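Asker: The structure that follows is given in the form of structure tokens.
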Amino acid sequence: MDRPSPSLRAARGRACAVAFFATLLVAHAGCQRGGAVQGPSQTETPELLDLLPPDAEGVLLLDVGTLLAAPFVQRLDERLASVLDERARALRELLGRVDRVALAYRYRPAESESGVSPFVVLARGRFDDDDLDLLGQDHAPGEHREHRLRYGDGMVLALVADHTLAFGTNDLVLAALDRVDGLIPSGGPSRPVVLDAARRVGLGEHTLTYAAEISETLRGELSEDWSPRASTVSMGARVDIGSAVVAHAFARFTDDAVAEQVMAELEAKLDEAAQEPYAAEAGVLELRDALRVSTEGPVLLLDLSLDPSAVERVITIVLLGFEAGASFEAPADFEAPADAAPLEAPASGASSDSPADAAP
């Protein structure tokens with residue numbers, strides 16, 4: 001197989017930087033439910049968690065402000081600044097105006113007509129119409145009541161006043177707007193298994209928290225790849241991020257034997273990775289020594305603790321690997337093969353079904 005050209009490696013390095021900041025903005029989600037005084041951007045609308053669908057099967061909360069204040073993120077900012085293009089810099093500036101993010105999803109069977117499971121991402125912060133243009137530049141403008149939108153391909157991006165951005169599939173975004181406007185009750189996820197997972201991880205009480213139910217339908221599909229997945233009931237995680245990183249994750253199975261089996265397989269994989277060449281240089285040994293795996297009945301427990309010096313070493317390794325690819329330049333006499341296919345971004349068209357038509 002031909003190796004990618006040096007110029008393509010540099011382009012991929014810049015793409016990685018864009019993806020890093022875009023993922024932090026859109027992915028993963030955090031919402032402190034109490035104890036903190038709310039700023040002006042949150043005084044006239046429910047908390048993000050309360051705007052999520054009651055039948056959500058998975059919830060992710062992220063305290064973006066705490067994450068961005070972590071020393072290692074500031075180091076990443078400094079190192080990546082030189083490779084960010086104009087759009088990536090705009091996304092990074094937007095990320096700096098996000099306080100918290102909340103994500104929820106429902107599972108959709110693989111045989112369904114749409115391949116996208118319903119989801120919604122809510123970001124609380126300080127926004128304006130320019131942010132809609134930045135994030136939804138390839139989609140059609142519209143309105144849903146007084147809320148400004150960008151829509152297409154079954155997805156909606158909405159701006160609520162100047163304090164909340166909502167993105168996701170049509171149904172869940174429009175339902176979130178209905179909750180903002182008081183047309184349907186708010187209150188957040190209410191499935192018993194999800195609530196149990198949320199209690200286990202302290203949902204919303206850490207920098208990042210995640211809680212999910214594994215439905216019987218999903219278990220059946222997952223079991224085709226790995227049989228223990230058919231016995232998974234729920235899972236979750238919490239991460240506290242600062243100068244140190246402390247994480248805890250769990251997976252609850254239908255019986256004790258499956259939890260023991262998964263622990264044994266996981267430890268074998270970790271030991272195998274630690275024997276790989278350059279494992280120490282890649283930070284694998286550092287992570288392996290910091291990870292603790294155990295079980296409590298049918299529950300598998302993972303605990304990871306990295307002190308500031310360990311975090312520094314891991315980040316240094318990541319940056320060295322990134323910069324090695326991003327800074328590689330093509331020789332002056334390099335020419336792409338004449339028959340090389342041009343790289344093109346996939347086209348995205350606007351859906352003909354406007355969510356504005358659903359407005360009451």
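Asker: Just the residues that are of a type outside the set (A, V, I, L, M), under 18 Å from ARG126 (Cα atoms) and surrounded by fewer than 17 Cβ atoms within 10 Å (Cβ to Cβ), please, taken from segment 61-96.
Answerer: Once the filter is applied, which keeps residues that are of a type outside the set (A, V, I, L, M), under 18 Å from ARG126 (Cα atoms) and surrounded by fewer than 17 Cβ atoms within 10 Å (Cβ to Cβ), segment 61-96 yields GLY65, ARG89, GLU93, GLY96.
Asker: Another question about this same structure. Inside segment 43-94, can you point out the residues that are small (Gly, Ala, Ser), closer than 30 Å to ARG106 by Cβ and outside any helix (DSSP H, G or I)?
Answerer: Once the filter is applied, which keeps residues that are small (Gly, Ala, Ser), closer than 30 Å to ARG106 by Cβ and outside any helix (DSSP H, G or I), segment 43-94 yields ALA56, GLY58.
Asker: Being over 17 Å from GLY58 (Cα atoms) and aliphatic (A, V, I, L, M) narrows it down to one of ALA212, ALA259, so name that one.
Answerer: One residue alone meets the criteria, ALA259.
Asker: Determine whether HIS139 is closer than 20 Å to LEU61 by Cα, surrounded by fewer than 21 Cβ atoms within 10 Å (Cβ to Cβ) and not polar (S, T, N, Q).
Answerer: So HIS139 fails the test.
Asker: So, one more: Residues of segment 161-205 being touching a residue at least 40 places away in the same chain (Cβ under 8 Å) and in contact with a Lys or Arg (Cβ under 7 Å, 6 or more places away or on another chain), which ones?
Answerer: ASP162, HIS163, THR164, SER186, VAL201, GLY204
Asker: How many of the residues in segment 153-166 are part of a strand (DSSP E or B) and farther than 18 Å from LEU94 by Cα?
Answerer: 2
Asker: Just to be sure before I move on: is LEU132 touching a strand residue (DSSP E or B) at 6+ places or on another chain (Cβ under 7 Å), in a helix (DSSP H, G or I), crowded, with 21+ Cβ neighbours inside 10 Å and hydrophobic (A, V, I, L, M, F, W, C) in the structure I sent?
Answerer: Taking the combined requirement at face value, the residue does not satisfy it.
Asker: Here's a follow-up. The conditions are (1) at pLDDT below 80; (2) in a strand (DSSP E or B), and ALA110 fails exactly one of them. Which is it?
Answerer: In the conditions (1) at pLDDT below 80; (2) in a strand (DSSP E or B), ALA110 misses (2) alone.
Asker: Go through segment 280-292 residue by residue and tally those that are surrounded by fewer than 16 Cβ atoms within 10 Å (Cβ to Cβ) and either more than 26 Å from the chain's Cα centre (by Cα) or assigned to a helix (DSSP H, G or I) (or both).
Answerer: 5
Asker: Among the listed residues ALA81, ALA88, which satisfies the condition of being more than 13 Å from PHE167 (Cα to Cα), among the aliphatic types (A, V, I, L, M) and without any contact (Cβ under 8 Å) to a residue 40 or more places away in the chain?
Answerer: After ruling out the rest, the residue left standing is ALA81.
Asker: Continuing with the same structure: Quick check on my filter: what residues within segment 166-185 are small (Gly, Ala, Ser) and surrounded by 18 or more Cβ atoms within 10 Å (Cβ to Cβ)?
Answerer: Listed by number, the residues that qualify are ALA166, GLY168, ALA175, ALA176.
Asker: From the set of residues in segment 33-62 that are in contact with a His (Cβ under 8 Å, 6 or more places away or on another chain) and at pLDDT 85 or above, which is nearest to GLY96 (Cα to Cα)?
Answerer: LEU62
Asker: Same structure again: Tell me which residues, restricted to segment 224-242, are surrounded by fewer than 14 Cβ atoms within 10 Å (Cβ to Cβ) and not acidic (Asp, Glu).
Answerer: Once the filter is applied, which keeps residues that are surrounded by fewer than 14 Cβ atoms within 10 Å (Cβ to Cβ) and not acidic (Asp, Glu), segment 224-242 yields TRP226, SER227.
Asker: Here is a further query. State yes or no: is ARG150 without any contact (Cβ under 8 Å) to a residue 24 or more places away in the chain, crowded, with 20+ Cβ neighbours inside 10 Å and not in a loop (DSSP other than H, G, I, E, B)?
Answerer: For ARG150, the condition - without any contact (Cβ under 8 Å) to a residue 24 or more places away in the chain, crowded, with 20+ Cβ neighbours inside 10 Å and not in a loop (DSSP other than H, G, I, E, B) - is met.
Asker: Give just the number: which of (1) in a loop (DSSP other than H, G, I, E, B); (2) among the acidic types (Asp, Glu); (3) over 26 Å from VAL314 (Cα atoms) does ASP196 not satisfy?
Answerer: (1)
Asker: Could you check segment 204-226 and list, in sequence order, the residues that are at pLDDT 95 or above, part of a loop (DSSP other than H, G, I, E, B) and in contact with a helix residue (DSSP H, G or I) (Cβ under 8 Å, 6 or more places away or on another chain)?
Answerer: Of everything in segment 204-226, those that are at pLDDT 95 or above, part of a loop (DSSP other than H, G, I, E, B) and in contact with a helix residue (DSSP H, G or I) (Cβ under 8 Å, 6 or more places away or on another chain) turn out to be GLY204, THR207.
The values are calculated or read from the model by the stated rules, or taken from the named source; none is laboratory data. These numbers come from a predicted model, not from an experiment. In this analysis, Cβ positions are derived from the backbone assuming ideal geometry, glycine residues included, and neighbour counts consider all displayed protein chains.
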